[in-house]
Amino acid sequence: MNSSVMTPRRAVVLCILIALLAAPAAAASVERTVASLPEGGFEVTLTVTDIPVGGIVETIPDGCTWAGTDHPENRTRVSGQHVAFAVVGEETVRYRMQGPAEAGEEIAGTWEDLQAGESGTVGSDGPRNPGEAAQTTAPGAPGFEWAAALAALVVLCVRRCGR
Amino acid sequence: MTHKLLLLVCCIFLLAGTAAAETVPCDSDGDGTLTASELATAILDSLDARFMGGTVEVPSSDDLRDAAFVYEHWDGRALTITDSSGRETTLSRPLRKIAVFNSDTIEMMRSIGVESDRVVGVSKYTLEDPTYFPEYRGKANLGSTWAPDYEQAAAVRPDAVFLYATISQSSCDEIEETLSSIDPGIRFFRFDSYRPTAYADEVRTMGALLGKEEGAERFLAFHGSVMDTVAGRIASIPADERVSVYLENWDDYKSAGNGSGYDEKIGLAGGRNIFADTAVEYPAVDPEAVISRNPDVIVKIVGAGELVFGGYGDDDPAPFEEVTRAIEDRPVWDRIDAVRDGRVHVIHSDVIGGPEYFIGVAYMAKWFYPDLFPDLDPRAVHQQYLSEFQRLDYDLEEHGAFVYPV
């Protein structure tokens with residue numbers, strides 16, 4: 001038997017191996033599910049994975065109205081069509097809104113993992129912009145590197161001259 | 001005078017960047033504890049300003065990120081740790097930029113899962129070993145403990161510098177003194193990362209310091225499973241029935257005295273060091289003394305001095321065999337039980353001298369008491385260490401030379 005021929009069993013093993021190798025390590029994400037409520041409106045459930053401390057901003061479609069949340073009040077902020085949730089250990093965030101039947105599919109959202117410095121789109125598989133979460137300032141103030149290098153030169157010069 | 005003035009100006013400039021580092025970020029009431037409520041408010045303020053048109057004053061991205069770390073890893077409070085030199089340091093922010101002069105400490109950090117991108121500079125020895133430390137290629141070269149490159153060390157602006165705790169103390173003190181005078185904001189930490197008595201404590205302290213508590217416990221569970229297995233089985237052997245061992249390092253007739261690291265490791269493996277009564281740590285011994293003390297087992301260490309071969313970058317086991325034969329052929333050594341019984345073993349310093357010492361202890365325990373450890377597979381322990389904790393794609397079946405006989 002030609003050993004280079006791929007038998008079905010080998011193909012299965014190979015597929016499993018490829019799947020295992022291709023599977024990303026635990027990555028942060030937020031999934032959204034939308035359910036219609038019997039009394040009208042929707043309940044939106046955000047499932048948070050591997051984000052111990054972070055934030056989510058949801059933008060609910062025009063024509064919809066905010067109808068409340070189970071998330072703690074001091075971790076929720078609503079402004080117009082935007083709602084922000086602070087995530088401090090929670091794995092699920094639920095909120096409700098009123099609106100037309102198709103509105104559930106038009107919600108847009110973004111999340112941030114503050115510890116990992118990653119951000120992403122709610123409903124997508126993983127981080128979109130690693131290292132860019134909450135990037136409100138430049139990562140390092142310019143000028144410090146040359147100050148450090150200059151200080152090092154001065155110290156070395158002082159030490160050498162003193163010998 | 002001009003130099004000192006210039007230095008003062010530089011230090012003031014550098015301090016300006018670290019002055020805010022003394023309080024827990026986002027602790028809005030200033031009581032020293034960052035609560036979930038304070039953290040949530042800071043997060044909401046930041047999201048509000050960036051996505052919702054809010055105009056409140058927001059914490060910087062660094063403050064938010066540091067606050068998240070302090071809340072998650074340090075219960076929202078500043079962390080005070082004691083390093084292996086006995087020095088207490090209090091931190092209110094995580095260490096983001098680390099410079100490490102000690103490659104044993106780099107290895108310990110990797111064992112607990114510290115990301116290489118937090119390390120901004122490493123020793124020349126780390127850079128000279130790309131097989132074992134591939135991810136540090138291209139990092140700033142800090143030189144060595146004995147010949148540091150201060151310009152490089154200052155240029156990478158580390159939050160913290162890691163140095164040895166108990167070896168080369170004067171060199172490490174000088175590094176601290178010099179770098180402190182360049183940048184007073186640098187924190188210094190002393191860890192040996194290879195001494196068995198301090199190893200578990202150092203791993204835990206490192207885990208807390210760098211936010212790798214879970215990684216530290218996971219690694220210690222693995223390390224403990226090896227050491228506890230050995231300790232548990234040798235515990236029942238009376239002291240006077242323990243295997244007598246002559247250990248020789250890479251220099252001929254250079255052994256290990258009382259209190260030395262190798263003396264300790266022989267004891268951990270259940271052996272009795274025949275030169276344990278020698279006060280000198282690494283005594284040069286008389287060959288006649290070895291013959292008269294007649295050890296049951298001889299352990300020879302290679303990988304340094306005149307015997308630089310084997311280890312991770314060398315797959316050839318032949319020199320190990322040559323060293324064994326040379327010991328067996330020493331004049332009159334055929335009278336020694338260890339030689340007569342074929343119990344001369346060679347081990348590479350990589351797996352007995354540094355953070356991997358527990359692998360060497362496992363090998364020695366099996367050599368000393370093969371009947372007690374039929375199920376202990378030191379090579380499998382070694383492979384698991386490399387694959388799971390060092391995260392290296394390195395197959396011991398194909399590469400490296402560490403012990404003889406295999």
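Taken together, the values in this text are just the output of simple stated rules run on the coordinates, not laboratory data. Since this is a predicted model, take the numbers as computed values, not measurements. Counting neighbours? That spans all protein chains shown, and the Cβs are built from the backbone with ideal geometry, glycine included.
For chain B, the longest piece that avoids every one of the GluC sites (Glu not before Pro) found in DSSP loops with at most 14 other C-beta atoms within 10 Å covers B:129-280.
Note that segment B:322-400, at 4 °C in a medium of 1.567 mPa s, gets a Stokes-Einstein diffusion coefficient of 91 µm²/s from its Kirkwood radius over C-alpha pairs. By the equivalent-ellipsoid construction on the alpha carbon gyration tensor, segment B:190-342 comes out with semi-axes of 32, 20, 15 Å, ordered largest to smallest.
The translational diffusion coefficient of chain B, from Stokes-Einstein at 37 °C and 0.692 mPa s with a Kirkwood hydrodynamic radius over alpha carbon pairs, comes to 139 µm²/s.
The helix-based estimate of mean residue ellipticity at 222 nm for chain B, built from -39,500 (n - 2.57) per DSSP H run of four or more residues and divided by its residue count, is -12000 deg cm²/dmol to the nearest 500.
The residues B:381, B:351, A:83, when put in order of fewest to most other Cβ atoms within 10 Å, stand as B:381, A:83, B:351. Of B:153, B:353, B:399, whose Cα points farthest to the positive end of the dipole of the protein assembly as shown (charges on the beta-carbon: +1 Lys, Arg; -1 Asp, Glu; origin at the Cα centre)? Positive-end residue among those listed: B:153.
Solvent-free Debye calculation, one equal scatterer per alpha-carbon of the protein assembly as shown: log10 I(q)/I(0) at 0.08 Å⁻¹ equals -0.71.
If I take R0 = 51 Å and measure r between the Cβ atoms of residue B:35 and residue B:377 in this structure, what FRET efficiency does the formula 1/(1 + (r/R0)^6) give, to the nearest 0.05? In this case the efficiency is close to 0.55. For the pair residue B:147 and residue A:106, a Förster radius of 41 Å applied to the C-beta separation gives a FRET efficiency near 0.05, rounded to the nearest 0.05. Computed from phi, the 3J(HN,Hα) profile of segment B:285-295 under the Karplus parametrisation 6.51, -1.76, 1.60 (θ = phi - 60°) reads 10, 7, x, 4, 5, 5, 4, 5, 7, 6, x Hz, with x in place of Gly and Pro. Label separation (residue B:115 vs residue B:88): 3.2 nm, computed from points 7 Å beyond Cα along the C-beta direction. Length gained on full extension, residue B:225 to residue B:332: 34.4 nm, using 0.36 nm per residue less the C-alpha separation.
Each Cα pair under 8 Å and six or more residues apart adds its sequence gap; the mean of these over the residue count of chain B is a relative contact order of 13 percent.
Full extension of the segment from residue B:294 to residue B:208, taken as 0.36 nm per residue of separation minus the current Cα-Cα distance, would add 26.3 nm.
Pairs of Lys residues in the protein assembly as shown that lie 8 or more places apart, or on two chains, and have C-alpha atoms under 16 angstrom apart add up to 7. Contact order, relative form, for segment B:79-211: 30 percent (alpha carbon pairs under 8 Å, 6 or more residues apart, mean separation divided by residue count). Scanning chain B for DSSP H helices at least 24 Å long along the axis (C-alpha atoms) with a Kyte-Doolittle mean no lower than -1.0 picks out B:213-234. Remark: relative contact order (segment B:22-77) = 41 percent; criterion is Cα-Cα distance under 8 angstrom and separation of 6 or more residues.
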